[in-house]
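Asks: Next up is a structure, given as structure tokens.
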Amino acid sequence: MDLMNNSIENVLAEFFKSTDFKKIEIIQSLWSGYGEIARYRFTSPELIQKFGIRQFIVKHVSPPRQVCHPRGWSTSVSHQRKVDSYKVEVNFYKTFAEQCDAQCRVPTFIGEHRFIENGNPCQLILMSDLDDQGFPIRATNLTVQQTKLCIRWLAHFHAKFINSSTDHKHDGLWTIGSYWHLATRLEEWQAMPSSKLKESASKIDKALNKCKYKTIIHGDAKVANFCFTPNYSDVAAVDFQYVGSGTGVKDLIYLIGSCLSETECKNNFTLLVNDYFDCLTHALGLYQPMLDANLVVIEWQELVDLAWADFERFLVGWAPDHKKRNQFSQMITNRALASI
Ligand SMILES: Nc1ncnc2c1ncn2[C@@H]1O[C@H](COP(=O)(O)OP(=O)(O)O)[C@@H](O)[C@H]1O
Ligand SMILES: [Mg+2]
């Protein structure tokens, strides 16, 4: 253990050409034992000045040989997806993060480093510490007002990176963003009992993927991946392992399902969807003045229920008893199935 930590400290010392930093704490270990996230502090004014920050985060990824998954899926497919996801995250930070402004804030990328640790390939991603930049609050559920803050983040992020499918791809990211899309979840699809949703899975998937207007979606925009200011006046996002091309409404429905109770979803779904499209229209005006925002809105509005049903398809195969599956999610899914 000491040896491992020592080697990380050595790698960091080499990277910074200095030992003027100190580990403050481990924030958490990564999903299924793929590494850890830790918080560090610079201990000299020189480094603070050089990087413009006082604290930084190290996401240390070291894929295990023995894969042990909390829900029992531990196939090479899911292992490979995970390994690839960390490469995608680095690509996002290297190429796209700096385009994100205060309306869709993300950590500042400091650097990355690959090395061999105990015979295994490892990777470090270094980035600014959002807690120290004014975003120390995490939440497990949100009020409708707070949800709107995340929706505003999504709308600006989506508007920033939108292009039509004839343009070049979002290089280095997933061709299809999100961790649940059908192509990477065939085992889960097979595990589904027969149903209209199972039969329609491919049709729903195609409808989502063939849209003309595509942006970069976050791909895992759940409440746990947002960091808030203490009074919930502003928000930033982390965790870019599943960023890739897609319609923005995939992030929207996943966010809403992740932070509101069934009753709140039922009472506010239409309002929040409308709020997203208002924010998106505004943000497109800001970032893409040459684009007719209405065309995007019209196309994506048609995909909201389908995006919901698509995530439901994943849940049915992956964790049929998941608490996100309820009467409301069934209602939206049925509405989607009736529409195709
Ligand atoms: N740059 C950062 N600044 C502050 N906190 C962060 C930062 N990056 C990650 N975290 C915290 O660590 C948690 C886990 O990081 P994340 O990248 O989401 O890893 P995982 O893939 O395990 O979910 C986040 O939910 C967030 O609370
Ligand atoms: Mg996360």
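Nothing in this text is a laboratory measurement; each read-out follows from the coordinates by a stated rule. Because the structure is a prediction, the values reported are computed rather than measured. Using ideal geometry, Cβ is built from the backbone for each residue, glycine included, and neighbour counts are taken over all protein chains shown.
Asks: Note the full-extension length gain between THR95 and ILE48 as 0.36 nm times their separation in residues minus their Cα-Cα distance, in nm to one decimal.
Replies: Net length gain for the segment: 14.6 nm.
Asks: Quick one: order LEU306, LEU142 by neighbouring beta-carbon count within 10 Å, fewest to most.
Replies: Going from sparsest to densest Cβ surroundings: LEU142, LEU306.
Asks: Quickly work out the PHE115-to-THR19 label distance, labels modelled 7 Å from Cα along the C-beta direction, and quote it in nm with one decimal.
Replies: In this crude label model, THR19 to PHE115 measures out at 1.4 nm.
Asks: With a 10 Å Cβ neighbour count serving as the proxy for reagent exposure, in which order, fewest first, do THR229, THR184 appear?
Replies: THR229, THR184
Asks: Continuing with this model, one more query. What angle do you read, to the nearest 10 degrees and between 0 and 90, between the alpha-carbon axis of helix 327-339 and the longest principal axis of the chain?
Replies: Tilt of helix 327-339: around 60 degrees.
Asks: Cα axis of helix 196-209 to longest principal axis of the chain: angle in degrees, 0 to 90, nearest 10?
Replies: The angle comes out at about 70 degrees.
Asks: Sorting SER194, SER29, SER258 on the 10 Å Cβ count, fewest up front, what's the list?
Replies: If I rank by nearby Cβ atoms, fewest first, I get SER194, SER29, SER258.
Asks: Name the residues of segment 92-116 whose amide N is less than 20 Å from a point 7 angstrom out from the Cα of ILE137 along the C-beta direction?
Replies: Under cut-off, by backbone N: 102-107.
Asks: When the chain is fully extended, how far beyond the present Cα-Cα distance does ASN267 get from GLN190, taking 0.36 nm per residue of separation?
Replies: Result for the pair: 24.4 nm of gain on full extension.
Asks: List, in the order given, every pair from LYS214/LYS323; LYS203/LYS250; LYS266/LYS323; LYS87/LYS324; LYS148/LYS222; LYS94/LYS160 whose Cα-Cα distance in the structure shown is over 19 Å.
Replies: LYS214/LYS323; LYS87/LYS324
Asks: Sticking with the crude label model, points 7 Å out along Cα→Cβ, report the distance from GLN145 to ASN274 in nm, one decimal please.
Replies: That separation, rounded to one decimal, is 2.0 nm.
Asks: 7 Å from Cα along Cα→Cβ at both GLN330 and ASN10: what's the point-to-point distance in nm?
Replies: 5.8
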